[in-house]
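Single-structure report; data block below.
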Amino acid sequence: MTSSDATTDPAPQSGKKRTPRPGRGVLKIVGIGAAVLALLFAGGRLSLLPSLDGLFGEETHDRSGPAVLKSIQDMSAYEAASGNFQVVVDLEKDAKFLPDAVRGTRTLFVGAGTVDASVDLGKVGEDGVVINEDRTTAEIRLPRAVLGKPALDPDRSYAVSKQRGLFDRLGDLFSDNPSSEQAVNQLAVRHIGEAAKESGLTARAEKNTADMLKGLLGSLGFERVTVRYGDDQG
């Protein structure tokens, strides 16, 4: 072939821009759509897997042994009244010659509990009940009502705040300190017991016991029932 037979493409004219091929834009759209579908599919698959809370969440296992019955005691006391009490305990312990920031604790604790008042009917002697011949009147002499031990309710008792010095915080890192909680619990129980003595709970218990006996004996046909306590001669 001679040089006269060869053909060459005309050179592009200077100053003219090439137009992009339409196929590249379509490929970009298809690629974005595929990526979106992949993310949606992956999200659906991940939703079927357990969450991190399910994998690393905290589980509670109760491995306590069965409760064992130690003793049974027959009760003859009639619990005639019960009082609900609440006290705010502010217990502070300081160390001599050391600031509170270094050594010392202060606990603010809300203690809630109950105190029962009862009358021991088992202590009524033979001469404690006097009934007339036609069984229309009765006179009963009972012992005075007494207060039971305060019972602290853990569901309604809680610590509001607890401030500790540096040495106390370091000590808690290496050992438990149940004595601090026991101290505020005992203090709350003591204050609740003192409040119960001044609440008139025993007087309410004696009144309720007398009303109960009058209603019981009245249903049995007694027309007059008198209830006295201790050395009461009225």
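The values are calculated or read from the model by the stated rules, or taken from the named source; none is laboratory data. Everything numeric in this text was worked out from a predicted model, so none of it was measured. Cβ atoms come from the backbone with ideal geometry, glycine included; neighbour counts cover every protein chain shown. Ligands, DNA and RNA are stripped out before the accessible areas are found, and what is left, the full protein with its side chains, is counted by its heavy atoms. Shrake-Rupley method; radii C 1.70, N 1.55, O 1.52, S 1.80 Å.
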Q | Residue list for the stretch 198-234, filter: assigned to a loop (DSSP other than H, G, I, E, B), exposed (fewer than 11 other Cβ atoms within 10 Å of the Cβ) and free of Cβ contacts under 8 Å to residues at least 12 places away in the same chain | A | Glu198, Leu220, Asp231, Gln233, Gly234
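I'm trying to understand the selection: among the residues of the stretch 145-184, which are in a loop (DSSP other than H, G, I, E, B), in contact with a helix residue (DSSP H, G or I) (Cβ under 8 Å, 6 or more places away or on another chain) and modelled with pLDDT under 90?
Scanning the stretch 145-184 gives a single hit, Asn177.
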Q. Are there any pairs, at least 6 apart or on different chains, whose C-beta atoms fall under 8 Å, with the first in the stretch 81-106 and under 30 Å from Asp120 (Cα atoms) and the second open to solvent by 70 Å² or more (accessible area, probe 1.4 Å) and modelled with pLDDT of 70 or more, and if so, which?
A. Ala81/Arg204; Gln86/Arg156
Q | Selection within the stretch 141-155 - more than 30 Å from the chain's Cα centre (by Cα) and open to solvent by less than 60 Å² (accessible area, probe 1.4 Å) | A | Leu142, Pro143, Ala145
